[in-house]
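As C-alpha cells, the structure follows; a few thoughts come after it.
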Amino acid sequence: MRHDVTLRQIHGFLSAAEFLSFSRAAEAMHITQSAFSQMIRELESSLGVRLFDRTTRRVALTEAGSLLHRKLRRGVTEIDDACRDAQAIARVEHGQVTVGSLASLAIGVVTQALGALRRAYPGIKVGLREDVNGALVQRCVDGEVDLAVCAQSEEGRDLLFEKLFDDELVAVFRSDDPLAQNKEASWAALTTVPFVLTVQQSNSREQVLGALASHGIRREVNFDVVNMFTALAMVREGFGVTFIPTLAVAQSNMRSLTWRRMPAPRPVRAIGIYRRLDRGMSPATEKFVELLRQQVASLESEGVEAPAPTP
C-alpha cells in the first residue's frame, strides 16, 4: 500500500521526535507552531496511526512513532548521502571514466589526458581499454567504455564521432634498407617487400592496403601482429616493412629504424572520439574530453610532428 507522505512531513516528524517539542521543531523549520501541528496531523492521517502522545506540557513518541523514527532516520541519512554524492559527481569530486584507445594514442595524448584528469580531480577513477580499431568501436557500442579514441570507421556509423585530427601513416624500414635511401618511399617498390601489419579490425591495416589498391597494387600481408611495437621489433630484425602513425614515431623505440612518407594518396585516417548517441557524458567524461582536446591543441600549436627521417 502506497502512502502519500512528503519529504517535508518526514523532516518535520524527525525534528519533532528529536526535540520532543513542537514549538522548537516549528522554529527549526521556520513555520508557525499551528502550521507545524497541522503538518503532523496530516502525516498521522495519511499513515493511519498516532505518532505522538501530546499534552500541554510534554510531547512523547508512541511505540509506532519510535519505530518510524528509527527507520526514517536511516532512510533520510541515505537520501542525504545520495544527494551529497550526486553533487560531488557534478563537481567532479567523485565519478569514473573508462576510455578505449588505440595503442598509438594510448602511449601519448590519451594517457597524458588521463594523467591530467587524475591530477586535477584525484577522486575520479579512470580506466583504459587498449584495442584495435574495430574492437574499440564495438566496445563503445556495447557500453564497455564511455568513449573510444580511435580512427573513424564505417563500423561506427551508429555512434557519434567528433574528429580531433588527421593521422598519417608512414613506412618504417631498417636504417640499412636500400628502400630507406630516398627521402620519400615508392609504393611500387613495396610490391615484393614482406609486410608486417597489425591484425584484422585494425584501421591502419585497412588504410595501408587501401592506399596500395589505389595504386593498382594488391598483395598479401606476410606477418600479422597484434600491436605496432611487435611490428617494429620484427622490422628491426629484418622481416620486412611496417607502417605506423607519425604521432607514434616520437614515442616508439626507433633504434636501427627509419621512416619515410609515402606518395599521394597517402594513408591518412581521421582520429577522433566515438560515443553513443543515447548516452550523455558524465561530468568526469566531459572533463576528460576537454583535457584531450587541450592535449591535441597543444601538439598542433607547437607544430609537433614525428622526428625527421634519419638519412
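The values are calculated or read from the model by the stated rules, or taken from the named source; none is laboratory data. Because the structure is predicted, anything quoted here is derived from the model rather than measured. Neighbour counts run over all protein chains shown; Cβ positions are idealised from the backbone, glycine included. Accessible surface areas use protein heavy atoms only, side chains included; no ligands, DNA or RNA. Shrake-Rupley method; radii C 1.70, N 1.55, O 1.52, S 1.80 Å.
Values for this structure:
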{"read-out": "Answer from Gly238, Gly280 - the residue that is in a loop (DSSP other than H, G, I, E, B), open to solvent by 40 Å² or more (accessible area, probe 1.4 Å) and modelled with pLDDT of 90 or more", "value": "Gly238"}
{"read-out": "Filter pass, Ala189 being open to solvent by less than 50 Å² (accessible area, probe 1.4 Å), more than 31 Å from the chain's Cα centre (by Cα), under 27 Å from Asp131 (Cα atoms) and not hydroxyl-bearing (Ser, Thr, Tyr)", "value": "no"}
{"read-out": "Odd one out for Ser186 among (1) part of a helix (DSSP H, G or I); (2) at pLDDT below 90", "value": "(1)"}
{"read-out": "Of the criteria (1) in contact with a strand residue (DSSP E or B) (Cβ under 6 Å, 6 or more places away or on another chain); (2) open to solvent by less than 10 Å² (accessible area, probe 1.4 Å), which one Arg129 fails", "value": "(2)"}
{"read-out": "Pairs with Cβ under 8 Å, 6+ apart, first in the range 106-122 and farther than 20 Å from Phe229 by Cβ and part of a helix (DSSP H, G or I), second open to solvent by 50 Å² or more (accessible area, probe 1.4 Å) and of a type in the set (A, V, I, L, M)", "value": "Leu117/Val126; Arg118/Val126"}
{"read-out": "Restricting the range 137-157 to residues that are outside any loop (DSSP other than H, G, I, E, B) and either within 12 Å of the chain's Cα centre (by Cα) or among the polar types (S, T, N, Q) (or both), the residue that is nearest to Arg269 (Cα to Cα)", "value": "Val149"}
{"read-out": "Subset of the range 94-114 [within 13 Å of Phe288 (Cα to Cα) and open to solvent by 20 Å² or more (accessible area, probe 1.4 Å)]", "value": "Gly95, Gln96, Thr98, Thr111, Gln112"}
{"read-out": "Test set (1) under 21 Å from Lys163 (Cβ atoms); (2) outside any strand (DSSP E or B) - Arg219 fails condition number", "value": "(1)"}
{"read-out": "Which listed residue, of Arg50, Arg24, is within 15 Å of Ile10 (Cα to Cα), outside any strand (DSSP E or B) and of a type in the set (Lys, Arg)", "value": "Arg50"}
{"read-out": "Test result for Asp146, open to solvent by 20 Å² or more (accessible area, probe 1.4 Å), free of Cβ contacts under 8 Å to residues at least 24 places away in the same chain and more than 16 Å from Val109 (Cα to Cα)", "value": "no"}
